[in-house]
Structures are given as C-alpha cells and as structure tokens.
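My structure is below; once you've seen it, I'll send some questions.
The values are calculated or read from the model by the stated rules, or taken from the named source; none is laboratory data. What you see is a predicted model; the values in this text were computed from it and never measured. Reconstructed Cβ throughout: ideal geometry from the backbone, glycine too, with neighbour counts over all protein chains shown.
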Amino acid sequence: MSDSRSPFAFYRAEHDRAGHLRKDDAWDTPDVRVMVIGGEHVATEQGEHEGDGPRLRWLDRADAPPGTFIYLGERDGASYAAVMVGGRIDDGLQPVSVRMLAPLLEASDLSLAVHAVGMARWLQSMPFCPRCGSATEIRSAGHLRQCPECGAHHFPRTDPAVIMLITDDQDRALLGHQAAWPEGRWSTLAGFVEPGETLEDAVRREVKEEVGVVVGEVTYGGSQPWPFPASLMVGFFGKAVDTRIQVDHDEIAEARWVTREELKAEGEAGTLLLPPSGVSISSFLVERWYREPIPASWF
C-alpha cells in the first residue's frame, strides 16, 4: 500500500492534552481560552471574510458562562478549555452541532472540538456511580468522576468500532448503502467490536454478517475519534476471499463492488456520493485505494 495520503484531520493530534495540569486547577488562569458546549453543540462565530462559514468561538475566561469546566490542553503556547452548560447554548452564541461543523473547521480546532464533545457526552452519561449508585463528583478538570461513598474512580470510556475498505483480486472496492441514507450515498462498511474479539476478527465478522463477503488478510489503515457518543473508529483494509454478496437487509440495504473507473464516472455524474473528505475516515480509506483526493462534488 502506498504511503501517500490525502489530508486527514484526525491523522495526528493537534493539541497537547497536558494532563499534568488537570489537578489542583493549575490550568484555570485568566488567559485560558474557553469553548462553550451543550450536548454536541458548540458556540460559533462567522469567519473573517465574506463567504466564510462558521468557526469556533473562543471566549475569555471572564466572559465564559457558568457550567462544568473541562480542560482540553495547550496549543501554540495557549491554554484551552470548554465549559459545559446545562441545556441549550444561548442563541446569541450561535450554537452549531460539531457533527455539522466538522468539515468547515481547521484540523487544530477540530482536534479540540472532538475532545470537548467526547468529554461532555461522557460527563453527562455518568452522574451516578455504577458500583454503588451514589452521585459522583467531577475531578481532574472533567476527566475523572469519583464516588464519595465507595471511593471508586470512573474514567471516560471509548467504544472501539471497525471501519473497513474491502478489495477483491480485481482490486475493486466494496461499498454499502443503508436504507436510511439518501439515494446515491455509499460508504465503507463498519461495526462495533464485540467482547473478546480482536479488531481484525471484528472486520471479518462484520463484513460477513452485513454483506456475506468472506475476508482473509486484514491490515491497519488509520483511526478516527467519533464522539457521538463515544466511539473510536479503527480503519482497516481487507482482502476478500469470496466476493459473492448477500446483504442482511438489516443494517445494509445494498452492497456493490466498484472499480476506480466506475467511482470516477459516477462521482462526477453525482450518482454516487461519499462521506466528506478530510474529516471522514471512510473517505480517507477510499482515497488511499483510489490514490488521489476525492473531489468535493462527490460527497
């Protein structure tokens, strides 16, 4: 596999999480920059130039609304945090879902945003201790919940999921379509890892279950955090042993093998649409196979 790769927002961390500053509120200084977050929505502002879309709005510490603070880390000598507000962000702060905002953000801001969303979603989901049922207390600038009754420490959880581009001996790529997607939308297959299962075996099982294709060799391709609510998408390339397709009609409604020539022709015609390039590991895997960036008109 060639090492050439298109830009990918999650390929390398863009901020230092500086975990040593989480204790004793060492991070909480007047010059920390603060993101406002509610659920998966964040405060935004318009870009500087005409035609620019929304971008993250960073507030001074003194201007931040009340809420639960999460320390995110450092970037280029500055410190960054998020404040998780109860309920919806004030409309004056122009809240936008990070899921929708992601394709518009620079990699440096997206790195901070997905960190904040992931932590906020976890904090909201763990108000009580799963061991004894008591209300937990937030520690380590939002990265730990501690039970005052039984003393248990609870840390953020991440659910591993596999996402894979399968090819056959003709170097065709396997794409799937879910019934809930718009007509023409296709993507790589994906699924969650089950307990006691290796990542490679999860790839083989999910492909077999969803479309009936038997996969042999599996190699690592990359990974992407997906904090909606708490997943890590681990990307792979796989080689089909048996190319016969039999979809499950549960998660996958249709599946097909596609050549590079077919992908190009149908992408240009607008009859085959892919997930957004640059922020989607699905498109990242497709581009590694296709060996050039996917035009914006194809998604």
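Scan (1) farther than 27 Å from Ile294 by Cα; (2) surrounded by 13 or more Cβ atoms within 10 Å (Cβ to Cβ); (3) aliphatic (A, V, I, L, M) for the single condition Ala135 breaks and write down its number.
In the conditions (1) farther than 27 Å from Ile294 by Cα; (2) surrounded by 13 or more Cβ atoms within 10 Å (Cβ to Cβ); (3) aliphatic (A, V, I, L, M), Ala135 misses (2) alone.
Is it true that Gly73 is modelled with pLDDT of 95 or more and within 18 Å of Leu144 (Cα to Cα)?
yes
Provide a single number: the residues in region 23-36 that are under 15 Å from Gly73 (Cβ atoms) and crowded, with 20+ Cβ neighbours inside 10 Å.
Total meeting the criteria: 4.
Still on this structure, please answer the following. Within the set of pairs 6 or more residues apart or between chains, which connect a residue that is farther than 17 Å from Met164 by Cβ inside region 263-289 to a residue that is among the acidic types (Asp, Glu) with Cβ atoms less than 6 Å apart?
Close Cβ pairs satisfying both conditions: Leu272/Glu266.
Here is a follow-up. Could you please let me know if Ala62 is touching a Leu at 6+ places or on another chain (Cβ under 7 Å), not acidic (Asp, Glu) and not in a strand (DSSP E or B)?
Taking the combined requirement at face value, the residue does not satisfy it.
Counting only residues that are modelled with pLDDT of 95 or more and acidic (Asp, Glu), how many does region 46-70 have?
Residues in region 46-70 being modelled with pLDDT of 95 or more and acidic (Asp, Glu): 2 in total.
Within region 147-162, does at least one residue satisfy the condition of being free of Cβ contacts under 8 Å to residues at least 60 places away in the same chain, among the aliphatic types (A, V, I, L, M) and over 27 Å from Leu273 (Cα atoms)?
Yes; the residues of region 147-162 include at least one that is free of Cβ contacts under 8 Å to residues at least 60 places away in the same chain, among the aliphatic types (A, V, I, L, M) and over 27 Å from Leu273 (Cα atoms).
Please specify each residue of region 252-266 satisfying the condition of being in contact with a Leu (Cβ under 7 Å, 6 or more places away or on another chain) and more than 19 Å from Val211 (Cα to Cα).
Across region 252-266, the qualifying residues are Leu263, Glu266.
Can you tell me which of (1) buried (at least 16 other Cβ atoms within 10 Å of the Cβ); (2) in contact with a strand residue (DSSP E or B) (Cβ under 6 Å, 6 or more places away or on another chain) is the one Trp298 doesn't meet?
All conditions are met except number (2).
What strands (runs of 3 or more DSSP E), lying completely within region 131-244, carry at least 2 residues that are among the charged types (D, E, K, R) and under 30 Å from Ile37 (Cβ atoms)?
The qualifying strands (runs of 3 or more DSSP E) are 137-139.
Let me ask something additional. Quickly run through region 43-64 and pick out the residues that are surrounded by fewer than 16 Cβ atoms within 10 Å (Cβ to Cβ), at negative phi and not polar (S, T, N, Q).
Glu45, Gly47, Glu48, His49, Glu50, Asp52, Gly53, Asp60, Ala62, Asp63
I would also like to ask the following. So which residues in region 237-271 are among the small types (Gly, Ala, Ser) and surrounded by 17 or more Cβ atoms within 10 Å (Cβ to Cβ), if there are any at all?
Selection gives Gly238, Ala240, Ala255, Gly267.
Which residues, taken from region 3-45, are at pLDDT 90 or above, over 30 Å from Thr219 (Cα atoms) and not in a strand (DSSP E or B)?
Matches in region 3-45: Ala18, Gly19, His20, Leu21, Arg22, Trp27, Asp28, Thr29, Pro30, Asp31, Val32, Ala43.
Being over 23 Å from Ala179 (Cα atoms), buried (at least 21 other Cβ atoms within 10 Å of the Cβ), outside the structural domain of Arg121 (by TED's automatic domain parsing) and within 16 Å of the chain's Cα centre (by Cα) narrows it down to one of Val234, Val218, so name that one.
Step by step, each of Val234, Val218 is checked, and only Val234 is over 23 Å from Ala179 (Cα atoms), buried (at least 21 other Cβ atoms within 10 Å of the Cβ), outside the structural domain of Arg121 (by TED's automatic domain parsing) and within 16 Å of the chain's Cα centre (by Cα).
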